[in-house]
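Engineer: Handing you this structure, nothing more for now.
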Amino acid sequence: MFYTIPASLAAEIDELESLVHQFQSGRLDPTAFKARRVPFGVYEQRQDNTFMVRVRCPGGAITPRQLKEVAELSQVYGAETLHITTRQELQLHDVALPNVVPILRRLLSVGLATRGGGGNTVRNITAAFDAGVAKDEIFDVSPYVFALTSRLIDEPDSWLLPRKYKIAFANSEKDSIHAVFNDLGFIAIQQKGVSGFAVYVAGGMGTKPQVGHLLHEFIAEAEVYLVAEAVKRVFNQHGNRKNRHAARLRFLWNSLGEAKFRELYQQELDELRRQASAPLTLPPQRKLPAPVTIAAVREPSSDFQLWRSRFASAQKQPGLYLVLVPIFLGNLANEHALALADFLLPLGDDVLRATIDQNLCLRNIPEAYLGNVHALVKSITCLASEPRWFGSSVACTGAATCKLGICLPRGALAAITKKLQAASLDWDRLADFKMNLSGCPNTCGAHLTADLGFFGKVARNGQTPYPAYGIVAGAKLGHGKARLAELVGEVSARDLPAFVVEFLKSYLEQSSRFASFTDYFEQQGRQDLRALCEKHRIIPGFDDDKNYYYDWGATEIFSLAGRGVGECSAGLFDLIEVDLKNVRTLRTELGTVSPGSKRDEILDELALSAARMLLITRGVEAHSEAEVFTQFRRHFIESGLVAAKYLPLVEAAQRKDTAHLRAQSADVLSLAQTVEELYGKMDNSMRFPGESAQPPGPAEPKPPRPPAPFAERDLRGVLCPMNFVKTKLALEGLSVGQRLRILLDDGAPIQNVPRSVAEEGHTIVEQIKTGGHWAVIIEKR
Amino acid sequence: MSFFTEARLERYSRHIILKEVGIQGQERLYRAKILIVGAGGLGAPAALYLAAAGVGTLGIADADRVELSNLQRQIIHHTSDLGKAKVESAADKIRAINPDVTVREHHCFISAANIRDVIAGYDFVIDGTDNFAAKFLINDACVLAGIPYSHGGILRFNGQTMTVLPGKSACFRCVFRKPPPPGAVPTCSQAGVLGAIAGMLGTIQATEALKHIVGAGHVLADTLLTFEALEMNFRRIKVRRDPECPLCGEHPSIHELFDEEPPAACDLKSSQPLTR
Ligand code: HEM
Ligand code: SF4
Ligand SMILES: [Zn+2]
């Protein structure tokens, strides 16, 4: 056990149990119930009434005994895989509500808590995965992580913060844990021979990402708690509880201003010092594992040597090794987790950490057992035979399950990996290169902290949208020099794999001239990236190569229809801006050009851009110029957002009646202006003034959701064989091993569809009758 | 918007439920471009089925106009189309069957001078021509351009077809080195043809094209399929790539396209000069 669970947790779980009963019997409304369960780390998945449970693992630490319990619980109550999160937690998925409380109780019995897994709470405190064993660390930060966790989760005000509170500990100035991108980051340093921490505050990703500000050049080790508590109090008293989009600590820093923030903070700190708050009680030094007696597997093969050079490294403790185990997208099969736990059990308690790359890292492994580890790891992950950095990429689910998603980053990552493998260059030379992908400008895939990062966006070739990625590069970590990756350009999704390979190949060729990738980026890489963007800038037309209009892993032509409702849809704003810029330029040009065909063209263009500009806010997409106007009429004129007097003008533009536009050029201008003004008044949810508000979001913050475990189709009322046709269509969108849940009518549908599905080689996992219909779960072959 | 709207799912449902076609196969069909040379006895049924199947782009190459004697077997043309260009008449029917199809009309005689441009960009070609010169020209052009195609021919109660995968399977010249001397083979106008066998053969050719596009089963590569409809005998004849083939052999002598002498043509429409 790595942290102490407050004695009150058992009673709180009892209380949650009674809330579950109340909810199930309809006496508690869903919103109220949600507000209570989320701080328990219990999130609802996309599918109603299935939940995920996030287990607190400070610094990613979990004992083999605990891992075994979690994996067994997942086997009994959860999905087939456990998920490793980017905050070093383990997560169970697909848990039915009645099973939540039993899970929490059993976790408690092995010293694990889920409280603070979500909601506006002190979140899992992260730490460098090699804390305590790295040769180059300043000192072991793990005891502080564990002690601070135990202390903060015992304080009632840790559960009622304005927003989440993320804390991280780096064990050296390298800051591999991204402490500077947390609300509070501690970086181990030495000053005049004394160990302590540099402290950063108010960093974070997400909307308005920013590097944290240096709060203290240096604090003594004994002051860790005081600092964390003082910041928490400032946050608690002054944080914005009204607008959850402006609630994180960094917004508070920005709205108060640095001086005011520091002043408030200093008051709290002084107050705590006056009260002589006790410093953290550090857990006792962990003993090194007792000599164990498992049979060593010898593996002299070159395969083993290569693997060892990639994934194993000597610890500062002589004879002991740190072994990185890449886990593809952080999804660890229950049986693999069990196999790992069983192997690790005899090696001690402190042998495992989860990493923020969603991988695992074994530690304290005697050299003699590296062969055993290799044998085991090979059976768990195919990434074990690839260069180490291949397994460190993070990619969010993107448009596959996220409604803000624009692209499919996991498909892109697979395509990139394939291309890298085919290029057969010495990719190991890139060592700890980091490449991350997000499906939209939100940073769930952490692209802004990568050496090379990509985020999904929409580009247009004429009228036709196609999937593309914005390219960021050159993120820098480390005390005093951190910065986010910088935007350098964009490339079509189609060309992304080629782009990556060309770029990295050229970097490898020049790398000997530079001390690091970041040096290269600054001196040469930025230009190289821009040149490559230019090279890939023009894409073939739709008729010449439709591949450019399909995203990686997509079976449908790329489209924006249906997107754009939801907050923070930054990628869509981009698109609006393109038309806006167009409208502005055309308006200016119109003022300077004399009557003639050039002027007519500008009028045409202006009407088109103005009409198209805001269509995306309605989730519609026009495939032709004529449709732009039809949709504009429907969504803006008929809805009253734009005055009806523009109708004749829009109709004329649709007919391409240039003479009419010429005669009414003043109206074209004022239409453009109207649209611009409308955009100016649009809120973040893409609503315009006077629009009947969409149902307001739940009072309680919507947590980031993990990929849905199932796709779902309700095919009740759909006759044979269309129900089978639609099932096939739904399966098409999934990747092998993913599941689809369909609802079918009794009678011919249930007799035919599962049979036909099975004949195509897919697995029928479950078929249950509920009420008058059937729920069938299919696993894609 | 997805290609698979409600209506399209329903239109193509009988394809989609086939394991060998499915969603992906149907999408491939939509992305495919198939050229039919000759909107006559073979081209007519092939075009109708390919259109119904949802092939995204169909090219029709033909220089002729619809004549009364065509209507006995060229079922894409109706009596009301008499005098209309065949490409136009065919395109109308295709669009009426399936608006998903983009039709490209090539209203011209194909010849060594233009065939390269006509076939460029297509994924598969169906030879529905009625004379040997054209058949050899299509073979040569497709093999040189690397475009798979289906050969087809009919006479009286007989038909033959094979599918050529350039560089992989026997081409028409591997099997029939050059056109027969003029007069050796009777033409349709002299010999006649039972209209329905045009349907039989053209439909086989359409099937080959569909199989090739969706990647299902095995096409008639290295296989000459012949039938004789009076007794309804079908035969599969194994053929092989000929290392001596002047076109696709080890030491090819044909590098440029050329028009064979226009000898044994189908001159059912004898009023027209044999200009192909
Ligand atoms: C509704 C759609 C969304 C989904 C499905 C989603 C999902 C996720 C997931 C799965 C993670 C990683 C958790 C893990 O470790 O497994 C994540 C992380 C994150 N998400 Fe989201 N998210 C969504 C919306 C957003 C929005 C709107 C923002 C901000 C404007 C955002 C900001 C972040 C940030 C900052 C992280 C942490 C990235 C890091 O630093 O590693 N997310 N999200
Ligand atoms: S919101 Fe987050 S999860 Fe969704 S696509 Fe964007 S980055 Fe990915
Ligand atoms: Zn040949």
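The values are calculated or read from the model by the stated rules, or taken from the named source; none is laboratory data. Here the structure is a predicted model, which means the values were calculated and not measured. Positions of Cβ are generated from backbone atoms using ideal geometry, with glycine treated the same way; all protein chains shown enter the neighbour counts. Each accessible area value is taken on the protein alone, full model and side chains, heavy atoms only, with ligands, DNA and RNA left out. Shrake-Rupley method; radii C 1.70, N 1.55, O 1.52, S 1.80 Å.
Engineer: Just from its helices, what would the mean residue ellipticity at 222 nm be for chain B, if runs of 4 or more DSSP H residues each count -39500 (n - 2.57) and the sum is divided by every residue, rounded to the nearest 500 deg cm²/dmol?
Structural biologist: -9000 deg cm²/dmol
Engineer: Okay, next question. Testing the spin-label approximation: label points 7 Å from Cα along Cα→Cβ at residue B:226 and residue A:626. State their distance in nm.
Structural biologist: Using points 7 Å along Cα→Cβ, the separation is 5.2 nm.
Engineer: What value, in deg cm²/dmol to 500, does the helix sum -39500 (n - 2.57) over DSSP H runs of n ≥ 4 give at 222 nm once divided by the residues of chain A?
Structural biologist: -11000 deg cm²/dmol
Engineer: Using only the heavy atoms of the protein chains and a 1.4 Å probe, how would A:365, B:97 rank by accessible area, largest first?
Structural biologist: Descending accessible area places them as B:97, A:365.
Engineer: Would you be so kind as to identify which of B:44, B:152, B:230 lies farthest towards the positive end of the dipole of chain B, taking Lys and Arg as +1 and Asp and Glu as -1 on Cβ and the Cα centre as origin?
Structural biologist: Value computed over the given set: B:230.
Engineer: Once neighbouring chains are kept in place and the probe is 1.4 Å, which whole percent of the accessible area of region A:710-779 is contributed by carbon and sulfur?
Structural biologist: 51
Engineer: Further question: At what distance in nm do the modelled label points of residue A:274 and residue A:588 sit from each other, each positioned 7 Å from its Cα along Cα→Cβ?
Structural biologist: 5.9
Engineer: How many square angstrom of accessible surface are buried between A and B, both sides summed, with a 1.4 Å probe and rounding to 100?
Structural biologist: That pair hides around 1800 Å² of surface in total.
Engineer: So how do A:518, B:163 rank on accessible area, 1.4 Å probe, biggest first, that is with the largest at the start?
Structural biologist: A:518, B:163
Engineer: Something else now. Would you kindly compute the Cα radius of gyration of region B:27-263 and its largest Cα-Cα separation (Dmax), both in Å?
Structural biologist: Spelled out, the Cα radius of gyration and Dmax of region B:27-263 are 16.6, 51 Å.
Engineer: Considering the dipole of chain A built from charges on the beta carbon (Lys and Arg +1, Asp and Glu -1) around the Cα centre, which of A:84, A:372, A:608 is farthest to its positive end?
Structural biologist: A:84
Engineer: How large is the dipole of chain A about the Cα centre if only Lys and Arg carry +1 and Asp and Glu carry -1, each at its Cβ, rounded to the nearest 20 debye?
Structural biologist: The calculation lands at about 560 debye.
Engineer: Follow-up question, since we're still on this one. Percent antiparallel among DSSP beta bridges with both residues in region A:710-779, to the nearest 5?
Structural biologist: Approximately 75 percent, going by the DSSP bridge assignments.
Engineer: By DSSP, what percent of the beta bridges with both residues in region B:103-228 are antiparallel, rounded to the nearest 5?
Structural biologist: 75
Engineer: Here's something else I'd like to know. Of B:260, A:601, which has the most accessible area with a 1.4 Å probe, and how do the rest follow in descending order?
Structural biologist: Largest to smallest exposure gives the sequence A:601, B:260.
Engineer: Hey, what's the Kirkwood Rh for region A:394-549 if you take every pair of different alpha carbons, in angstrom?
Structural biologist: With all distinct Cα pairs of region A:394-549 included, I get 15.8 Å.
Engineer: Continuing with the same structure: I'd like the distance separating the alpha-carbon centroids of region A:212-256 and region A:453-486, in whole Å.
Structural biologist: With region A:212-256 and region A:453-486 each reduced to a Cα centre, they are spaced 29 Å.
Engineer: Let me ask another. List the lysines whose Cα sits under 29 Å from the Cα of residue A:598, skipping any in the same chain fewer than 8 residues away.
Structural biologist: Straight-line reach from residue A:598, under 29 Å: A:581, A:645, A:656.
Engineer: Also, I was wondering about something else. Treat chain A as a sphere of radius equal to its Kirkwood radius over Cα pairs and apply Stokes-Einstein at 20 °C in a medium of 1.002 mPa s; give the translational diffusion coefficient in µm²/s, rounded to a whole number.
Structural biologist: My calculation gives 75 µm²/s for D.
Engineer: Helix A:142-152 versus the longest principal axis of chain A: what is the Cα-based angle in degrees, 0 to 90, to the nearest 10?
Structural biologist: Roughly 70 degrees between the two axes.
Engineer: Please compute, for peptide A:731-742, the average count of beta-carbon atoms on other protein chains lying within 10 Å of each residue's beta-carbon.
Structural biologist: Counting Cβ atoms of other protein chains within 10 Å of each residue's Cβ and averaging gives 1.
Engineer: What is the diffusion coefficient of region A:1-50 in µm²/s, taking the Kirkwood radius over Cα pairs and the Stokes-Einstein relation at 4 °C with a viscosity of 1.567 mPa s?
Structural biologist: 107
Engineer: What does the accessible area per residue of the protein assembly as shown come to in Å², with a 1.4 Å probe and no ligands, DNA or RNA counted?
Structural biologist: Value for the protein assembly as shown: 41 Å² per residue.
Engineer: Test of understanding: what is the full-extension gain from residue A:487 to residue A:240, defined as 0.36 nm times their sequence separation minus their Cα-Cα distance?
Structural biologist: 85.9 nm
Engineer: Compute the separation of the alpha-carbon centres of region A:55-111 and region A:178-194 and state it in Å as a whole number.
Structural biologist: Rounded to whole Å, the Cα centres lie 30 Å apart.
Engineer: Checking buried surface per residue: for region B:20-48, which residues lose a minimum of 40 Å² accessible area in the protein assembly relative to the chain alone (1.4 Å probe)?
Structural biologist: Buried-area filter returns B:23, B:27, B:31.
Engineer: Antiparallel DSSP bridges in chain A: what percent, to the nearest 5?
Structural biologist: Among the beta bridges of chain A, antiparallel pairing accounts for roughly 80 percent.
Engineer: At 7 Å along Cα-to-Cβ for each site, give me the label-to-label distance between residue A:25 and residue A:677 in nm.
Structural biologist: Here the modelled spin labels are 5.8 nm apart.
Engineer: Between their Cα atoms, which of A:403/B:19; A:232/A:481; B:135/B:178; A:166/A:208; A:419/A:505 are more than 19 Å away from each other?
Structural biologist: A:403/B:19; A:232/A:481
Engineer: Here's another thing I want to ask about it. Just add up the charged neighbours of residue A:239: K/R +1, D/E -1, any other residue whose Cβ is under 9 Å from the Cβ of residue A:239.
Structural biologist: Every neighbour counted, the sum reads +3.
Engineer: With every protein chain in place, what's the accessible area of residue A:613 (1.4 Å probe, Å², nearest 10)?
Structural biologist: Taking all protein chains as shown, residue A:613 has close to 0 Å².
Engineer: May I pose another question? Give me the percent of Cα-Cα pairs in region A:128-275 that sit more than 24 Å apart, rounded to a whole number.
Structural biologist: When every Cα pair of region A:128-275 is considered, 28 percent fall beyond 24 Å.
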